[in-house]
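Every read-out reported here was derived from the displayed coordinates using simple, explicitly stated rules and does not represent laboratory data. Here the structure is a predicted model, which is why all the values come from computation and not from measurement. As a convention, Cβ positions derive from the backbone with ideal geometry for all residues, glycine included, and neighbour counts pool all protein chains shown.
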Amino acid sequence: MLTKENLQEFKNKLILRKKKIIQNLAETEKEIIDMRSSDLNDEGDHAAVSVETCVDSAILAQQFKELSEIELSLDKIKNNTYGICEMCEELIDMNRLEVKNFARFCITCRKINEKILKDTK
């Protein structure tokens, strides 16, 4: 079981990561806007901007996903459900939470969930 100190520590880590992601999102969005508004001289410039925009868009999507997971974890802390696996409802190992503060599943259920997602593709 997580102590109040553990929960506060995870909350602080999640909030710090959330702030970093929000900062990254703002910087990346600004870079995309700057690239799109820059003077492009030839097809090579257009291709380079296109590739960079695709990469930045993929990074943005991943960051938005992580931000959503962090928000969910912060809500779980408020509702006293943080650290409980969404599948088996057992406690998530502290080492797993240390590595991935916004983990929603224990290791076993994560593997099952990933297999299910892989099989449905």
The helix 43-78 Cα axis meets the longest alpha-carbon principal axis of the chain at an angle in degrees, between 0 and 90 and rounded to 10, of 20
Once amide hydrogens are built 1.01 Å from N within the peptide plane, the residues lying 5 or more places from Asp93 or on another chain with amide H under 5 Å from its amide H are Ile107
GNM of the chain, Cα pairs under 10 angstrom: of Asp93, Asp56, Asp34, the biggest fluctuation goes to Asp34
The alpha-carbon pair-distance distribution computed for segment 72-121, with 10 angstrom bins and whole-percent values, is 28, 50, 20, 2
With x for Gly and Pro, the residue-by-residue ³J(HN,Hα) of segment 80-93, computed from phi through the Karplus equation 6.51 cos²θ - 1.76 cosθ + 1.60 at θ = phi - 60° and given in whole Hz, is 6, 10, 5, x, 10, 4, 6, 8, 9, 6, 8, 5, 7, 4
Set Lys30/Lys118; Lys65/Lys111; Lys30/Lys121; Lys65/Lys121; Lys4/Lys121, cut-off 31 Å on Cα-Cα distance; pairs above it are Lys30/Lys118; Lys30/Lys121; Lys4/Lys121
Filtered hits (aspartates and glutamates, Cα-Cα < 18 Å from Lys19, offset >= 8 within chain) -> Glu9, Glu27, Glu29, Glu66, Glu69, Glu71, Asp75
Expected sort for 58-67, 76-85 on mean C-beta neighbours within 10 Å, highest first, is 76-85, 58-67
For the chain, the longest principal axis of the Cα atoms and the Cα long axis of helix 4-37 enclose an angle in degrees, to the nearest 10, of 10
Rounded to whole Å, √(5λ) for the Cα gyration tensor eigenvalues of the chain, largest first, gives 37, 19, 9
Note to self, the chain gives a 222 nm [θ] from helices alone (DSSP H runs n ≥ 4, -39500 (n - 2.57) apiece, / all residues, nearest 500) of -25500 deg cm²/dmol
